[in-house]
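The values are calculated or read from the model by the stated rules, or taken from the named source; none is laboratory data. Owing to the predicted nature of the structure, the values given are computational and were not obtained by experimental measurement. Cβ coordinates were reconstructed from backbone atoms using ideal geometry, including for glycine residues, and neighbour counts include every protein chain displayed. Heads up: the accessible areas ignore ligands, DNA and RNA and are worked out on the full protein's heavy atoms, side chains in. Shrake-Rupley method; radii C 1.70, N 1.55, O 1.52, S 1.80 Å.
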Amino acid sequence: LWLAVGRFGGAGTQQMSVAQTGVGEHKVVQLPDGSTVQLNAMSVLKYPIVFDGTEREVELKGEALFEVAKNADQPFIVKSNSIYTTVLGTVFNIRAYALESIAVSLLEGSVNVEGVGGGTVLQPMEQAVFRNSDESPQVQIFDSGDVMAWLNGDLVLSRTSFKELQRIAKRRYGTNIKFDRAEIAEYTVSGKFKEPDLKTLLESVCAAKSLQYKETSPGEYLIY
């Protein structure tokens, strides 16, 4: 088993299907080759109706857990922004939301990751993080429970900035959060939450930084 991240060709003129999730929604997608993809909220997966070429190529925007059916004669390729992940058959998670770093987290197999700035070999339970598409990945050990928390509706924050928290709240609850001071956006917070509702999340992160929040209009909140 191996996985590589680099640049490959597109899917040509194949007829494509699209699966997508809305705010707070999860979805399981069965691909034509028997592979399974579990989509997180606000994610889009494009894939051919039939994998009839030399490669099985799909495109992901957002986050998903892939369980790829083995086929050494037809590599499986995931395009996520400017990163390409090529697999023969393994289990891995990709987080590739717009405006955020891209993370490839390997659960099973042996992995070779290559980016524009260089490459490295990953082992199970290692994660390659691309802060920017033109830089080599940073390799780190990851906690599978933290990375997979979204599958159970849980939320794990690890030195998460309030700016990133804005994006999480938008795709998880459909909520817009604003700050009354620009510096609040750079504050960071950590914590683990079991299927949190919005009120629980806001109360916890605000208490951690001695802040308060209020609802200014339906679906709009101000942290101050």
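Before moving on, here are some points about what is shown:
- Whether the chain is rounded, prolate or oblate, judged on the alpha carbon gyration tensor where a/c under 1.5 counts as rounded: prolate
- The lysines within cross-link reach of Lys194, meaning a Cα-to-Cα straight distance under 30 Å and a gap of 8 or more places when in the same chain, are Lys27, Lys61, Lys163, Lys170, Lys178, Lys209, Lys214.
- Peptide packing for 87-94, 196-203 was compared via the average number of neighbouring C-beta atoms within 10 Å per residue; ordered from the highest value, the list is 87-94, 196-203.
- Summed residue charge, Cβ within 11 Å of Lys46's Cβ, Lys/Arg positive, Asp/Glu negative: 0
- By average C-beta atoms within 10 angstrom, highest first, the peptides 61-72, 119-130: 61-72, 119-130
- Charges were assigned to the Cβ only: +1 to each Lys and Arg, -1 to each Asp and Glu. The resulting dipole of segment 105-165 about its Cα centre is roughly 180 debye.
- Farthest toward positive dipole pole in the chain [+1 Lys/Arg, -1 Asp/Glu at C-beta], among Leu88, Val58, Gly174: Gly174
- Comparing Val68, Leu39, Ile49 along the charge dipole axis of segment 13-91, the residue lying farthest to the positive side is Leu39, per the Cβ-charge model.
- Per residue value of the accessible surface for the chain (all protein chains in place, 1.4 Å probe), Å²: 48
- Using a Förster distance of 41 Å, the FRET efficiency for Ile49-Ser210 (Cβ separation, nearest 0.05): 0.15
- Its residue count N fixes a reference of 2.2 N^0.38 Å for segment 45-161, and the Cα radius of gyration divided by that reference is 1.04.
- Lys, Arg +1 and Asp, Glu -1 on Cβ, resulting dipole of the chain about Cα centre, debye, nearest 20: 540
- Where only C-alpha atoms are counted, convex hull volume of segment 127-209 per residue in Å³: 119
- Contact order relative to length of the chain, as percent, for alpha carbon pairs under 8 angstrom and 6 or more apart: 15
- Beta bridges from DSSP with both residues in the chain: antiparallel share about 90 percent, rounded to the nearest 5.
- The mean sequence distance of close C-alpha pairs (under 8 Å, at least 6 residues apart), as a share of the length of segment 129-207, puts its relative contact order at 31 percent.
- Note on segment 26-88 and segment 109-178: Cα centroid distance 18 Å, given to the nearest whole angstrom.
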